[in-house]
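Data first, discussion second: the structure below is written as structure tokens.
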Amino acid sequence: MSTQDGSQEYDALVIGAGPNGLTCAAYLAKAGAKVAVIEKNVESGGGLLTQEISGFKLNHHATYMMLAERMVPYSDLNLADRGVAFVRPEAQVAFLFEDKSSFTLYTDVKRSQASIAKLSPKDAEAFGRLHDDFQKMCDAFLIPATYAPPVEPIEQVELLQNADKLGKVIADISELSPLEVIDRYKFADRRVKAGILYLSSMFGLDPEESGMGFLAPIYVHRLTQNALVRGGSHQLASGLRRTVEEFGGRVVTNSQVQSFVMEGERVVGVRLADGELRARAVVSTLNPEQTFVTLLDGTHAAPAAAGGQGKGGIVAAWGDEIAELRDMASEWQWDEWSLFVCSSGVVGSAPKYEGYEDEVNGALVVVMGFESPEDVLHHVSELRDGKLPDAIAGHGSCLSLFDSLLVPNHVPFGEHHVLRWECWAPYRTDWEARREAYADRCMEKWAHYAPNIRHANVRVRIPWSPLDIEREIPTMKRGAIKHGAYVTLQMGYNRPSPDCSSYRTPVKGLYVGGASTHPGGMVILGSGYNAARVVAEDLGIKGLPGEDATVTEARRKGYLPKAEA
Ligand SMILES: Cc1cc2nc3c(=O)[nH]c(=O)nc-3n(C[C@H](O)[C@H](O)[C@H](O)COP(=O)(O)OP(=O)(O)OC[C@H]3O[C@@H](n4cnc5c(N)ncnc54)[C@H](O)[C@@H]3O)c2cc1C
């Protein structure tokens with residue numbers, strides 16, 4: 001593994017083969033750079049994890065793709081030609097209530113409005129307004145800004161305020177909490193408001209967190225346009241990995257980076273258990289604590305003879321900068337709560353929601369247990385206090401209804417099904433003791449609405465707690481699905497810190513590009529995309545695709561800074 005002659009073997013090394021690491025490496029490899037990705041796990045993919053057992057394909061982590069084909073790398077890297085396809089069900093999310101009422105949101109807003117109108121015609125109109133506003137915000141700014149480096153907060157607000165009316169609205173709502181943004185639409189029916197609020201928080205966003213209002217349009221709008229990766233989420237990782245390898249890059253799995261290799265004040269490579277690899281640039285997609293504490297400490301501790309700094313090396317060389325990075329990393333706020341998932345492969349029939357409108361049976365996501373906005377807020381407040389909520393509430397998906405590749409022999413609409421339950425859960429619980437019993441309670445809750453699932457023959461069942469998330473993927477410490485909380489001081493230009501938000505770090509040769517950088521977590525590939533562009537610029541690698549047209553348009557409209565000549 002080591003470079004025999006000590007020469008620089010790679011242009012870039014990427015630590016972590018999650019969606020962002022693979023994206024970063026794929027762009028660089030395609031542009032002609034010599035690249036390797038180093039991954040701790042036996043298989044690449046990070047959050048794009050699909051486990052196949054007895055022919056059932058279970059996504060323990062990322063499942064719902066909010067941007068799907070709209071991810072710029074999807075087209076830039078021709079992922080469609082590399083086996084990545086999305087399935088987008090028309091009926092996206094159904095919300096069930098105890099009195100057997102329900103409503104369903106569709107990809108088509110008119111159908112959503114018709115469904116809401118059965119509960120409240122006034123709210124159907126309000127939803128139409130919300131949908132139009134949120135869609136415009138996503139198209140004009142929020143999605144393009146995903147594929148551009150973050151802008152210093154005051155400058156960003158000024159740009160939006162001065163651009164046009166839409167820009168001003170985005171700037172204004174950015175100050176608010178998601179709850180306050182939703183309140184602007186004055187939903188009258190408790191059930192409709194509960195549903196919209198749940199969508200805004202589904203991925204662990206606190207609905208009462210000020211300064212996070214701009215995420216409400218993204219989550220609410222995009223969670224009505226969700227897609228599955230056909231054949232399991234891991235197919236997306238496979239497509240990205242194929243791109244890396246097709247252009248001569250390497251993906252080294254089962255190999256944990258232990259520390260950096262330094263020469264003077266510059267990171268020149270990484271140290272693995274069985275040797276080292278060297279490069280002109282090292283991109284870490286790990287969380288700030290791993291990058292700036294664990295790996296730098298490892299570098300500090302390694303004796304000079306082993307390519308480390310020896311005692312006092314790094315800290316003596318640039319004490320203040322390292323101290324600041326370490327402080328930032330040790331003060332990093334982890335997501336306050338995580339997710340509990342229970343996936344099963346069953347022989348039986350798909351869930352039939354007894355007594356409910358037929359439309360809910362075909363929905364991708366079926367939300368159960370939240371009767372009112374107060375329920376959602378109460379649930380969140382329990383999680384904020386680190387408690388496992390008393391009442392079970394969350395959502396279920398029968399993924400095999402939309403993708404027959406997930407079941408044995410790929411028989412569509414047959415007797416095999418993949419059921420996936422997901423709900424919010426705290427990290428701090430004795431999951432070792434409670435995992436199975438909690439999964440029982442979740443499945444019982446689901447069966448309360450769809451009694452027929454009690455009769456299924458369960459062939460495989462894997463409950464997956466925040467502890468399992470952390471064990472599988474150490475970047476997700478405490479089950480942090482986005483590598484760190486979404487709070488004002490950790491978003492945009494502050495993610496992970498102003499010093500590192502350009503994807504460059506104060507340590508020469510070291511870059512960051514995972515979910516702890518702008519635009520953050522979820523499978524949107526923005527961090528890896530942005531980091532690749534910066535690394536290419538610094539290394540003088542030509543041949544990356546030009547800026548996406550939507551970003552150029554956002555610049556033209558004044559939402560983003562004009563490109564430098
Ligand atoms: C239960 C759950 C459900 C989710 N649902 C969704 C969803 O529906 N939709 C969605 O968009 N997102 C979802 N997410 C979030 C999404 O998976 C993450 O935000 C995303 O994977 C982050 O991508 P990343 O590349 O930055 O990091 P990661 O995916 O965390 O990848 C980092 C990689 O680095 C590797 N690594 C760690 N330490 C080392 C080391 N020292 N050396 C080498 N390699 C190392 C890890 O093994 C991992 O493969 C979910 C996550 C979880 C846990």
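Values as computed for the structure displayed
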{"item": "Residue that is farthest from the chain's Cα centre (by Cα), among those in segment 241-271 that are within 10 Å of the ligand (Cβ to nearest atom) and closer than 29 Å to ASN59 by Cα", "result": "GLN258"}
{"item": "SER397 open to solvent by less than 10 Å² (accessible area, probe 1.4 Å), polar (S, T, N, Q) and more than 25 Å from VAL229 (Cα to Cα)", "result": "no"}
{"item": "Checking LYS482 against (1) touching a Phe, Trp or Tyr at 6+ places or on another chain (Cβ under 8 Å); (2) open to solvent by 10 Å² or more (accessible area, probe 1.4 Å), the condition it does not meet", "result": "(2)"}
{"item": "Among residues of segment 488-508, those that are open to solvent by less than 10 Å² (accessible area, probe 1.4 Å) and either more than 16 Å from the chain's Cα centre (by Cα) or within 18 Å of VAL37 (Cα to Cα) (or both), counted", "result": "4"}
{"item": "Per-region count, segment 32-45, residues within 18 Å of ALA532 (Cα to Cα), open to solvent by 10 Å² or more (accessible area, probe 1.4 Å) and within 6 Å of the ligand (Cβ to nearest atom)", "result": "1"}
{"item": "Test: residue in segment 96-104 that is within 15 Å of the ligand (Cβ to nearest atom) and modelled with pLDDT of 95 or more", "result": "no"}
{"item": "All positions within segment 257-285 that are outside any strand (DSSP E or B) and buried (at least 24 other Cβ atoms within 10 Å of the Cβ)", "result": "VAL257, THR285"}
{"item": "Matching residues, segment 518-540, being touching a residue at least 40 places away in the same chain (Cβ under 8 Å), closer than 19 Å to GLN290 by Cα and open to solvent by less than 20 Å² (accessible area, probe 1.4 Å)", "result": "GLY521, SER527, GLY528, ALA531"}
{"item": "Candidate set from segment 466-485 (those that are over 21 Å from TYR438 (Cα atoms) and near the ligand (Cβ under 8 Å from one of its atoms)); member that is nearest to the chain's Cα centre (by Cα)", "result": "LYS482"}
{"item": "Top-ranked residue of segment 445-479 - restricted to ones that are open to solvent by 40 Å² or more (accessible area, probe 1.4 Å) and without any contact (Cβ under 8 Å) to a residue 12 or more places away in the chain, ranked as nearest to PRO408 (Cα to Cα)", "result": "ARG454"}
{"item": "Close pairs (6 angstrom Cβ cut-off, 6 or more residues apart or separate chains): among the hydroxyl-bearing types (Ser, Thr, Tyr) in segment 361-378, open to solvent by 10 Å² or more (accessible area, probe 1.4 Å) anywhere", "result": "SER372/ARG190"}
{"item": "Residue list for segment 48-58, restricted to those being open to solvent by 10 Å² or more (accessible area, probe 1.4 Å) and within 9 Å of the ligand (Cβ to nearest atom)", "result": "LEU49"}
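The values are calculated or read from the model by the stated rules, or taken from the named source; none is laboratory data. All values reported here derive from a predicted model rather than from experimental measurement. Here Cβ is always computed from backbone atoms with ideal geometry, including for glycine, and neighbour counts include all displayed protein chains. Note: areas computed on protein heavy atoms with side chains; ligands, DNA, RNA excluded. Shrake-Rupley method; radii C 1.70, N 1.55, O 1.52, S 1.80 Å.
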